[in-house]
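First comes the structure, then the notes that go with it.
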Amino acid sequence: MNNAENISNTYKESAQVVPCWSCHGPLTAGLAFCPTCKAVQQPASVDHFIRLGLASDFDVDLTMLDKVYFELQRALHPDRFATRTAKEKMYSQAQATAINDAYETIKNPLKRADYLIHIKGVNVTPDGCNLVNDPSILMEAMEVREKLSAAETISAVDEIANNAREEIKDVIVGISLAFKGDDIEGACQLTTRLKYLTKLLDEVRQRRTQVS
Ligand SMILES: [Zn+2]
């Protein structure tokens, strides 16, 4: 058994058990492969964390995330399914896509925070975290944009970028603490701030190409 098949060990006990389509043996919903007969499974509708065998936390071990992801992608490589049935080919492709989606979401702190708010905070923020109309952020964004368009040198632009990067670090620490304290609203506010800061960095990059 390789590690990709073995990630069932990290699943929570409460996880849903379903029968394997091939051997009918029990398997945890979300597993890409049956632990008994190794048959690839149709992707179950589970969240991104369960799909990768990770705890649903904001704090993610990124080394572990990469390890799990690359092992699964290797195990699902089309070459391995070249001589398999059409059904297994189809399932392996669908699994690879679902695992890619999960990986891209969990790897990025902003997407991860947004997603966690979506799955943990359904009662607090039914539409996920979307406070882009927060008036204080709008006001601040306007001021920073004015500053950015007035910045005529690389170093002036870089100063704005460095300030944003420093604040992003603090905001990520704050989001982590908010989730730990089950403060979904707090996480939501900080995620809105992270969204704004990430967008600001994009604008800074554009501005940097215009100055010399
Ligand atoms: Zn099986």
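The values are calculated or read from the model by the stated rules, or taken from the named source; none is laboratory data. Keep in mind the model is a prediction, meaning the values are calculated, not measured. For neighbour counting, all protein chains shown are included, and Cβ atoms are generated from backbone atoms with ideal geometry for every residue, glycine included.
Pairing residues of the stretch 90-117 that are surrounded by fewer than 14 Cβ atoms within 10 Å (Cβ to Cβ) with residues that are modelled with pLDDT under 95 and basic (Lys, Arg), at Cβ distances under 8 Å and at least 6 apart in sequence or on separate chains, gives Glu104/Lys111.
Residues in the stretch 13-28 that are assigned to a loop (DSSP other than H, G, I, E, B) and within 12 Å of the ligand (Cβ to nearest atom): Cys20, Trp21, Ser22, Cys23, His24, Gly25.
Kindly check whether there is at least one residue in the stretch 78-95 that is outside any helix (DSSP H, G or I), farther than 10 Å from Val40 by Cβ and of a type in the set (A, V, I, L, M). Yes, there is a match, as at least one residue in the stretch 78-95 is outside any helix (DSSP H, G or I), farther than 10 Å from Val40 by Cβ and of a type in the set (A, V, I, L, M).
Quick check on the stretch 29-69: of everything there that is assigned to a loop (DSSP other than H, G, I, E, B) and of a type in the set (D, E, K, R), which residue is nearest to the ligand (Cβ to nearest atom)?
By that ranking, first place goes to Lys38.
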